[in-house]
Amino acid sequence: MLAMALAGCTGITPDQRATEPLFLAEHGVDAHGRKRWYDRVAETNPGHIAMEISPAFRLAPPRRIAVLPFVDRGSGNYVLDKVALTLRDQKSLADWRWTDANRLRRVVDGFLSAREFITIPVPDVDAVLARHGIDNDAKLARVAPQDLARWLGVDAVVYGEVEHYEVYYLFLLAGWEVTLKLAMASGSSGETLLHGEGTEYKMEVRPAVAGRDIGINSLLDLTDLRDVDLRRDEEEVSRELILRIPRSPATLQIALTASRESVSHPPATSNESPPSLAAPVTPISRETGYSQDSAPIETFFLPEQDLTEHGRKSVFDRLLETDPESFKPHIATDYCAKAPRRIAVLPFAYEGSGNLILNGVPVTMRGETERARWRWTYANRVRATFTAFLAQREFAVVPLPEIDAALIQHGITTIGALEAVSPAQLGAWLGADTLVRGDVTAYEAIYAFLVAGWRVGLRMDMLRATDNDNALMDISGGRYAVAVQLALVPIDLYIDSGLSALKLRDVRLRRAEEEVAREFVLRIPDCSKTEPAMSR
């Protein structure tokens with residue numbers, strides 16, 4: 001029993017790491033991070049998610065897709081409790097509507113890229129549309145999905161509309177509301193393959209009985225109106241919608257040759273005349289709010305506000321959230337000269353035991369086979385999340401199922417075997433110029449009376465796959481998804497200590513994974529000012 005307990009506490013040894021199996025059955029692959037009814041109750045979140053999938057999608061899911069520019073039906077002002085607190089001029093309003101819409105678009109594109117789909121990079125989609133004279137939603141609404149798919153070289157196109165992008169403050173309750181509509185149209189028939197709508201509230205409720213605690217908590221609620229909370233709400237609504245898209249039943253069986261063929265053809269560059277504004281609006285565009293008669297025309301391709309800082313935690317954020325970690329990447333001096341274009345995120349490893357850890361102590365006693373499966377689950381969850389955030393940038397991302405299929409095809413089924421293959425060889429197999437390796441260094445729960453949540457740690461290396469001097473970047477650290485309940489009066493202390501235990505839910509663990517992935521990706525240099533747009 002003592003030996004079993006020690007095995008449950010300690011991580012794997014170097015010898016065990018070398019034989020650590022890859023590609024096991026992952027726990028909760030379609031449920032991890034998906035909100036349940038009790039999540040909405042615990043977070044006072046009355047939001048909802050609805051998604052309809054057509055029979056055509058289930059019969060033949062698209063593989064290669066493009067996420068079109070989203071539209072924002074808000075005012076473009078900062079809206080608090082339905083009252084605009086800013087008075088921006090028309091140019092600033094247009095810039096902010098484009099920014100709000102494109103933030104959601106990038107998050108959706110990222111979550112789709114972490115699935116079995118091949119997505120066209122957002123900058124490439126915009127470049128193709130601009131070449132065809134499509135620079136606002138009125139013009140885009142009059143182009144048939146079949147034409148868009150032909151221009152972009154894809155099987156389907158995704159439309160989106162942001163309906164609500166607002167903040168609320170009601171003394172003991174504060175937070176953000178984001179409402180998003182999505183629709184996917186077939187590139188061959190124009191048929192609507194799926195459409196859905198979701199509303200999520202990133203709210204914090206701090207109940208109290210005593211007058212002084214009510215005052216303290218109402219002031220603390222003001223801290224929930226920060227940019228990082230808005231970014232989390234964008235991720236929540238996008239994740240919930242994408243989780244409801246059915247997975248292909250055999251994603252690991254995707255042919256590697258088909259993958260290489262599908263990514264080798266760039267988007268079309270024909271110089272066809274832009275569509276006439278007299279052309280009828282397509283039904284799929286009407287479903288998602290494009291070219292509404294009552295709405296102003298939405299201009300595309302404007303400067304985005306806070307593109308590289310949105311969602312990145314400041315010292316103030318870390319202080320408020322009891323998140324002490326700060327980390328700096330080591331970046332090669334010639335990074336931009338060798339900037340990645342097509343990246344393969346290799347299978348991650350998990351250094352822990354595979355048991356559920358609470359305050360450094362295992363609270364499960366799983367057998368070795370089950371621990372190995374959970375180690376793969378923990379590692380692959382963080383890998384998929386990292387891929388989703390990486391795809392929100394300008395990079396091409398090799399679909400994870402195709403990476404795994406290629407490695408299996410070459411007999412790579414353990415961590416040791418993977419680490420024995422040179423970056424150049426892996427790059428040749430995967431058709432990638434850059435590789436990402438990762439080790440999940442922490443994956444544990446924390447509970448200390450008034451403080452509770454999750455911590456996820458990661459070590460990431462980015463390697464060039466085409467030359468010997470291949471180190472581009474490395475970074476390590478962790479992030480906490482922790483909530484602190486504050487009170488002075490005993491009855492409120494008891495209430496808050498009980499509420500803290502509710503923070504140890506699966507959806508908050510998913511947020512911790514997203515926190516560390518977001519922070520890592522935001523620290524990758526942006527070379528767009530010194531190089532032309534990168535192509536996938």
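Database remark: amide H of LEU358 closer than 5 angstrom to the amide H of VAL363, ALA445 (H placed geometrically; neighbours at sequence offset of 5 or more, or on other chains; Pro and chain starts carry no H). Averaged over its residues, the stretch 1-129 has an accessible area of 45 Å² per residue, based on protein heavy atoms and a 1.4 Å probe.
Electrostatic bookkeeping for VAL363 treats Lys and Arg as +1 and Asp and Glu as -1; over the other residues with beta carbon under 14 Å from its beta carbon, the sum is +1. Each listed q (0.21 Å⁻¹) maps to a log10 I(q)/I(0) for the stretch 9-77 from the Debye sum over equal C-alpha point scatterers, namely -1.14.
Output ³J(HN,Hα) for the stretch 56-71: one whole-Hz value per residue in order, computed from phi by the Karplus curve 6.51 cos²θ - 1.76 cosθ + 1.60 with θ = phi - 60°, and x for Gly and Pro. Whole-Hz 3J(HN,Hα) from phi for the stretch 56-71: 4, 5, 5, 6, 9, x, x, 9, 10, 9, 10, 9, 6, x, 7, 10. Structure note, pairs LYS181/LYS202; LYS82/LYS202; LYS91/LYS139; LYS35/LYS181: Cα-Cα distances above 22 angstrom do not occur. With the biggest extent put first, the Cα atoms of the stretch 279-422 measure 63, 46, 40 Å across the principal axes. Remark on GLU351: its backbone amide H falls under 5 Å from those of VAL440, a criterion applied only to residues 5 or more positions apart or on other chains, H modelled at 1.01 Å from N.
Check each of the chymotrypsin sites (Phe, Trp or Tyr not before Pro) in the stretch 388-451 and keep only those in coil by DSSP with at most 16 other C-beta atoms within 10 angstrom; list them in order. Don't jump to the answer; show the numbers that get you there.
On the way: sites: PHE389, PHE395, TRP429, TYR443, TYR447, PHE449; in loops: PHE395, PHE449.
In loop regions of the stretch 388-451 (DSSP not H, G, I, E or B), the sparsely surrounded chymotrypsin sites (Phe, Trp or Tyr not before Pro) are PHE449.
Here the stretch 275-353 exposes an accessible surface that is 58 percent carbon and sulfur, computed with a 1.4 Å probe and the other protein chains kept in place. Within the stretch 285-331, the trypsin sites (Lys or Arg not before Pro) that combine a DSSP coil assignment with at most 16 other C-beta atoms in a 10 angstrom radius are ARG312. Taking a straight line from the alpha carbon of LYS338, these lysines sit under 30 Å away, with near neighbours fewer than eight places off in the same chain left out: LYS313, LYS328, LYS529. A cut-off of 5 Å between modelled amide H atoms, ignoring neighbours fewer than 5 places along the same chain, links MET473 with ALA332, MET462.
Modelled spin labels at ALA424 and ARG341, positioned 7 Å past Cα toward Cβ, are 1.9 nm from each other.
Note that the stretch 101-114 has calculated 3J(HN,Hα) couplings of 5, 6, 4, 5, 4, 5, 5, 4, 4, x, 5, 5, 5, 7 Hz, one per residue in order, obtained from phi through the Karplus relation 6.51 cos²θ - 1.76 cosθ + 1.60 (θ = phi - 60°); glycine and proline are x. Karplus-derived 3J(HN,Hα) values for the stretch 144-157, using 6.51 cos²θ - 1.76 cosθ + 1.60 with θ = phi - 60°, are 5, x, 4, 5, 4, 5, 5, 4, 8, x, 10, 8, 7, 10 Hz; glycine and proline are entered as x. Per the Debye calculation on the stretch 1-149 with a single equal scatterer at every Cα and no solvent contribution, log₁₀ I(q)/I(0) for q = 0.10 Å⁻¹ amounts to -0.66.
The values are calculated or read from the model by the stated rules, or taken from the named source; none is laboratory data. Predicted model, so just to flag it, every value in this text is computed and none were measured. Cβ coordinates were reconstructed from backbone atoms using ideal geometry, including for glycine residues, and neighbour counts include every protein chain displayed. These area figures cover heavy atoms from the full protein model, side chains too; ligands, DNA and RNA do not enter into them. Shrake-Rupley method; radii C 1.70, N 1.55, O 1.52, S 1.80 Å.
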